[in-house]
Amino acid sequence: MRGGAPRGEDPDVTLRLPRTVLDAVMSRATTFADAIAQGDAAVEGAVRTLLTFGTLTDRPDARLPIVTR
């Protein structure tokens, strides 16, 4: 949100996408770059910041059992 940062600063980049696309990116079924290129997501601002963010996520450990209700 604009001005929603701790010091009230504006974001460097804004990404708009459906939750399904975010889930696909986080599960590594796609990437932010591919989603943007396919028109499934829209980006405004410093794209490099978004690319940097994408490198900060870890690959999940497949041995970790995940239980959902």
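The values are calculated or read from the model by the stated rules, or taken from the named source; none is laboratory data. Model, not experiment: these values are computed from the prediction. With ideal geometry, Cβ positions are generated from the backbone for all residues, glycine too; neighbour counts draw on all protein chains shown. All accessible areas refer to the heavy atoms of the entire protein, side chains included, with ligands and DNA or RNA removed. Shrake-Rupley method; radii C 1.70, N 1.55, O 1.52, S 1.80 Å.
Could you list all residues from the stretch 54-69 that are under 16 Å from residue 24 (Cα atoms) and at pLDDT 75 or above? Write out each step before concluding.
As a first pass, look at the stretch 54-69 and keep what is under 16 Å from residue 24 (Cα atoms): 54-55, 57-60.
Result: 55, single match.
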*Select from the stretch 1-43 the residues that are among the charged types (D, E, K, R) and under 12 Å from residue 54 (Cβ atoms) and write down the one among them that is most open to solvent (accessible area, probe 1.4 Å).*
28
